[in-house]
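Reading through the structure tokens given below for one structure.
The values are calculated or read from the model by the stated rules, or taken from the named source; none is laboratory data. Nothing here was measured: the structure is a model prediction, and the numbers come from that model. Every residue, glycine as well, gets a Cβ built from its backbone with ideal geometry; the counts of neighbours run over all protein chains shown. Keep in mind that these areas ignore ligands, DNA and RNA; they rest on the heavy atoms of the full protein, side chains included. Shrake-Rupley method; radii C 1.70, N 1.55, O 1.52, S 1.80 Å.
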Amino acid sequence: MQHRPRLVIDTNVWIGLIVWPSPRLAAVLDLAVREFEMIASEATFRELSETLTGTRFGEFLSLRERQLSLEMIAKHLTFLSVTATVTDCRDPRDNKFLDLAVDRRAQAIVTGDGDLLALHPWRGIAILPPRQFVDACSQGQPEAPP
């Protein structure tokens with residue numbers, strides 16, 4: 001059985017998919033579901049859950065709609081434990097995505113977060129915004145330059 005490459009999707013991309021869907025973000029999800037194993041840790045999913053079910057997005061979707069979205073996302077994720085502790089990101093709150101990516105050998109992180117994007121490439125892991133991720137996939141697989 002051939003293993004699919006692993007992919008980490010940052011909270012801001014998930015939020016965009018749920019609250020402000022667009023064709024560009026839909027293309028990210030389509031590629032991720034078809035070509036990758038989407039991975040999450042307890043910490044990354046907790047951030048998504050707390051952010052999405054908080055009051056900030058109540059004007060866009062009901063709490064029930066946001067909870068259903070979380071359930072749908074969870075069905076597509078592989079939850080993995082993480083032992084790595086990374087402190088490379090200038091925003092310490094984003095290190096949990098790096099922990100997961102490096103510990104579980106992700107090929108890429110898809111994010112709109114400038115603090116993470118500034119690290120690209122990082123330890124052989126591509127850190128790409130949604131549009132570049134889609135473009136890289138159309139040309140092969142997203143990879144960090146040597």
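Points to keep in mind about this one:
- Accessible area (Å², per residue) of the chain, counting only protein heavy atoms and a probe of 1.4 Å: 55
- Ordered from longest to shortest, the equivalent ellipsoid semi-axes for the stretch 70-118 are 20, 14, 10 Å, each the square root of 5 times a Cα gyration tensor eigenvalue.
- Helical mean residue ellipticity (222 nm; -39500 (n - 2.57) per DSSP H run of 4+; nearest 500) of the chain: -14000 deg cm²/dmol
- Choice from P121, P129, P23 showing the highest fluctuation, given a GNM over the chain with Cα pairs closer than 10 Å: P23
- Remark on I9: its backbone amide H falls under 5 Å from those of I39, V110, a criterion applied only to residues 5 or more positions apart or on other chains, H modelled at 1.01 Å from N.
- Modelled label reach - E42, point 7 Å along Cα→Cβ, the stretch 51-88 residues with backbone N closer than 15 Å: 79-85
- Candidates I73, I18, I39: whichever shows maximal mean-square fluctuation once the chain is modelled as a Gaussian network with Cα springs under 10 Å: I73
- For P92, the shell of other residues with beta-carbons less than 14 Å away shows a net charge of -4, using +1 for Lys and Arg and -1 for Asp and Glu.
- For the pair R64 and V19, a Förster radius of 25 Å applied to the C-beta separation gives a FRET efficiency near 0.95, rounded to the nearest 0.05.
- D_trans [Stokes-Einstein, Kirkwood Rh over alpha-carbon pairs] for the chain, 37 °C, 0.692 mPa s, µm² s⁻¹: 213
- Structure remark: mean-square fluctuation, Gaussian network model of the chain, C-alpha springs under 10 Å; the largest value among R104, R93, R131 belongs to R93.
- Linear extension gain, A118 paired with D91, 0.36 nm per residue minus alpha-carbon span: 8.6 nm
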